[in-house]
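What follows is a set of notes on a single structure, which appears directly below.
Where a number appears in this text, it was derived from the coordinates with a stated rule and is not lab data. Since this is a predicted model, take the numbers as computed values, not measurements. Cβ placement follows ideal geometry from the backbone for every residue including glycine, while neighbour counts extend to all protein chains displayed.
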Amino acid sequence: MSRPIRKSSRPPRRPGRPAAAGNVDQRERILDAAIELFSARGIAATTLRAIATEAGVTPALLHYYFKSKETLVGVLLDERIAPFVAVSAAPLLAPLPSPRATLRLFLETHMRNLAANPWMPRLMAREVLSEGGQLREHMQAQFSTVLSPKTLMLIVAAQRRGEIRDDLNPVLVGLSLISLAVFPFAAAPVWRARSRCR
């Protein structure tokens, strides 16, 4: 079911460049709308017009800030997704003396980050884990260069110190930890929908 088109009570914008005072706010609203729609519908199924409607701006104004959907996706990668990864990865880049304690801090940080950015697990499910996801290569590059190898190294180090059982496969331990951290956030929309139906 398509969303109703929002009617704006604002007067129409005059031709020419947008006023400087509103530039940042309008641009951020467009990015917020884009990432929300991309995570809900997928990148391929989301039009620039739909993003403009969601953000409460004209398609022409969206085009002023972002010349194409590809440009918009690139900006989202740089300004929303890369900072997300940086926050989650921070504990891995400054490890504690105990590998297990570092892993715990990483998982707690990552889960708080997911809670603050509920679009991220939905976007990953649509655009990274699904076949043909448009962000798969970008996200794999982001995670594989920092999170995956450092997490694996910490698990192996914790096993050597006796902090984690050494008869467990480190790769499977890492996969299980990340999955358990992400799944509740990825499944939250399904649980909310079911609770409303009761």
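Loop-located GluC sites (Glu not before Pro) across region 108-144 with a Cβ neighbour count of 13 or fewer within 10 Å are Glu131, with loop assigned by DSSP. At q = 0.13, 0.18, 0.22 Å⁻¹, what base-10 log of I(q)/I(0) does the Debye formula yield for region 52-198 when every alpha carbon is treated as an equal point scatterer in vacuo? Normalising to I(0) and taking log10 leaves -0.70, -1.12, -1.40.
Which length gain, in nm to one decimal place, applies between Glu137 and Arg112 when the Cα-Cα distance is subtracted from 0.36 nm times their residue separation?
Working: separation 25, 0.36 × 25 = 9.00 nm, distance 2.48 nm.
Between Glu137 and Arg112, full extension yields an extra 6.5 nm.
Between Glu70 and Ala94, the contour length at 0.36 nm per residue exceeds the Cα-Cα span by 5.2 nm.
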